[in-house]
1. Taking a probe of 1.4 Å and counting only protein heavy atoms, give the total accessible area buried between chains B and A in Å², rounded to the nearest 100.
2. Longest segment of chain A with no trypsin sites (Lys or Arg not before Pro) in a DSSP loop having at most 10 other Cβ atoms within 10 Å?
3. Can you list the chymotrypsin sites (Phe, Trp or Tyr not before Pro) in region A:345-414 that are in a DSSP coil and have 13 or fewer other beta carbons within 10 angstrom?
4. Could you tell me what percent of the accessible area of chain A is made up of carbon and sulfur, with a 1.4 Å probe and every protein chain present?
5. If I model a spin label as a point 7 Å beyond the Cα along the Cα-Cβ vector, how far apart are those points for A:Arg233 and A:Glu207 in nm?
6. With a 1.4 Å probe and all protein chains kept in place, how much accessible area does A:Val609 have, in Å² rounded to the nearest 10?
7. Using a 1.4 angstrom probe, figure out how much accessible area chain A has per residue, in square angstrom, rounded to the nearest whole.
8. If ligands, DNA and RNA are left out, what is the accessible area of A:His270 with a 1.4 Å probe, given in Å² to the nearest 10?
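The values are calculated or read from the model by the stated rules, or taken from the named source; none is laboratory data. In this text, all values refer to a predicted model and were calculated from it rather than measured experimentally. For neighbour counting, all protein chains shown are included, and Cβ atoms are generated from backbone atoms with ideal geometry for every residue, glycine included. Ligands, DNA and RNA are excluded from the accessible area calculation, which covers all protein heavy atoms including side chains. Shrake-Rupley method; radii C 1.70, N 1.55, O 1.52, S 1.80 Å.
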Amino acid sequence: MAMLDLQKMRKVRVITLKDRVESVIGSLYDFGDIDVRDCQVSDLDRPLSSFEPISEMLIKLRAMEHQLHIKPEAPEAPIYSLEEAKKQYGKLRLHDAERIQKDIQELQAKKEHLVERKEDLLPFRKLYVDSTHLEGASVQFVYFELKPGTEKKLKAELKTIPHELLYVNDDGKRYALLAFDVRMETDVNVLVLKYGVIVHAIPDVQEGFGEALSKVEGELAVTESQLQNAKERLKTYREQYGPKLQEVKAGLKVLAVKAELPFKFGKTAHFSVVEGWITDNDVLDFEKRLARIPNVFYEYPETNDLPPSKLSNAKLVRPYEFLVEFFSLPKSYSLDPTLFIFLTFPLFFGMILGDIGYGLISFFLALFLKLKSKNALVKRIAGMLALAAFSTIVFGFIYGEAFGREDLFGIELHPLLHRLEHPETLINLSILVGAIHVAMGFLLGFFTQFKERHMKHAIAKLSWLVVELSLIAIVIQNADISLLEFLVPLKFWMPYPYSVGLLVLGLGGIAKLESPTHLLELPGLISNVLSYLRIAALGISGVVLAIIINQVPVDFAGTWAMLTLQKPFDIGAFLGFVAFLLIFVFGQIGAMTLGLFESSIQTLRLHYVEFFSKFYEGGGVAFKPLREKGEP
Amino acid sequence: MVDLTAGLIGLGAGLSVGAAALATAWAQSTIGSAGMGLMAEKDGTFTNVLILMAIPETMVILGFLVAFFLIGKIPGIG
């Protein structure tokens with residue numbers, strides 16, 4: 001069962017003189033594969049003195065990265081000393097960028113002000129009146145846009161009010177400058193509201209309105225040019241220093257990790273103590289590295305603490321570790337179920353989706369994501385999807401289906417199992433697969449309990465396995481399994497007396513080893529096995545959906561072509577063909593997306609609910625290395 | 001002319017899937033809203049919620065099974 005074991009962990013304690021702390025940190029970081037924990041033997045230490053300047057530089061770089069819209073990337077981080085980091089940080093000339101940004105802010109504000117001023121002046125540009133004349137103690141002025149065709153009415157109503165009126169035409173609009181006795185303000189306001197579209201506040205200008213406008217437009221043009229220039233300078237800065245900024249940030253991040261590590265160290269008057277976990281495989285390397293530093297001691301203390309969990313699987317299996325981590329990591333002394341998920345996840349997925357066309361598309365999609373994506377999670381999901389897609393293709397050949405059709409580009413497919421013609425076989429097969437999967441769960445339950453020295457519970461798991469197998473034997477005596485020929489011999493190996501006897505034995509074992517109330521879980525066991533029927537149910541519904549999608553565009557296109565047939569151009573048939581293509585393509589994309597989603601979710605559920613509930617506890621704590629593989 | 005027995009069996013088959021689907025939907029809506037609340041309150045509970053959401057689906061699968069066997073009993077189909 002070694003391949004189901006997690007990596008063996010060992011707790012380590014390093015004791016060092018205070019003046020060696022930096023060397024120890026450097027050595028631990030170079031080693032990398034250590035999960036440093038808060039020291040429990042004394043009070044925790046303070047970070048290195050370099051922590052403050054490093055944090056300050058990092059914060060500024062992050063802010064600048066955000067302000068310059070530099071896409072955060074993780075380039076290879078250089079190894080810096082604090083002095084070197086400061087030097088590289090200085091080379092970034094952040095002050096230049098800050099100054100350009102300040103310029104941009106000021107120019108932007110100036111531009112906004114000028115645009116506003118221009119809009120205020122624009123309606124007055126044809127008003128050739130000296131602005132100094134628009135002031136007076138007893139005379140008031142109002143300038144407004146007239147509603148079209150109201151000129152005469154306004155004039156008539158103004159008869160009773162002492163006034164002077166000047167009209168201005170500009171750009172199809174008619175404005176009026178009205179000078180009136182200040183005592184008549186209320187009456188004038190009523191008239192302006194009645195006949196005006198909008199009242200424009202008279203701008204405060206020293207010269208004529210036209211000149212003022214020209215001046216503002218000139219200033220605006222200069223400001224816009226300056227703004228454009230500043231933006232160009234910022235763009236140049238971003239192009240010139242962006243990659244370097246990312247690089248320095250990565251280097252500073254490494255320094256920050258090292259500088260803040262003493263937060264986890266224990267301290268005494270003269271010593272610092274660091275505790276963590278390493279794998280058994282790394283012990284030699286670890287000791288070799290520490291041996292290079294004088295006055296540093298290490299030990300492997302006995303502890304009751306739960307060691308962190310580190311999965312260890314072959315490269316092909318590794319993507320499926322995600323599904324175990326997603327549920328909950330196993331405890332370090334428990335079993336790692338990744339290998340089983342690797343075997344059964346693609347199997348169930350393929351059994352549900354089972355279509356050569358969907359499988360091929362999914363496979364290429366997975367390949368594309370694997371090669372193009374930089375995101376580790378997407379890469380892992382792509383790895384899982386690739387295997388699941390391969391299984392889908394295999395089952396596609398077994399079911400003889402490609403995009404819901406029974407041929408692949410005209411070549412007829414010969415199904416080994418036709419899902420629509422023999423659904424009962426698929427149902428039997430699904431239950432059989434479920435029974436095996438659940439039995440596998442009980443078997444793993446036995447090994448888990450055995451490994452943890454819980455012998456009573458281990459034998460109880462075996463009792464459940466006996467109960468399940470005897471129930472299967474009883475069902476097989478009555479079931480029509482003519483299409484699953486390989487099961488027929490079971491009828492003879494396990495006749496009624498044996499199977500019933502085993503059932504009683506199994507149930508007795510459970511009642512004795514666990515408790516009689518555990519027998520109430522028997523319907524749960526049956527329900528768990530029957531739950532695998534979803535493999536058949538979803539498969540059949542999926543293929544029916546694909547058939548309908550294949551039929552709808554044919555019907556639609558035919559009807560369309562028939563209704564719109566025109567001569568001499570057969571435009572109706574052409575449009576019908578386009579409609580056929582659109583409905584077919586989008587329909588198949590929809591069906592495939594639904595199929596992929598359902599197959600993933602339901603397969604996941606069968607693992608998490610039906611399979612894991614038989615043996616898996618989870619509750620492990622992830623191993624967090626000081627430095628991830630691939631980091632400097 | 002459809003036989004009354006066949007019709008009733010067909011109705012029963014439809015009801016077994018329909019009622020089971022409604023029951024599943026009801027259970028999932030309740031679990032779903034509670035699950036959203038749980039996820040909002042506490043990080044790292046997505047997996048638990050996903051599993052709880054998936055549990056009632058067994059009902060509709062069993063409904064499908066009953067319907068399948070019932071349809072097999074309709075004269076001329078089984």
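1. 1400 Å²
2. Formally, the longest exposed-site-free interval is A:1-291.
3. Sparse-neighbourhood loop chymotrypsin sites (Phe, Trp or Tyr not before Pro): A:Phe409.
4. 61 percent
5. That separation, rounded to one decimal, is 2.9 nm.
6. 20 Å²
7. 54 Å²
8. Number for this one is 130 Å².
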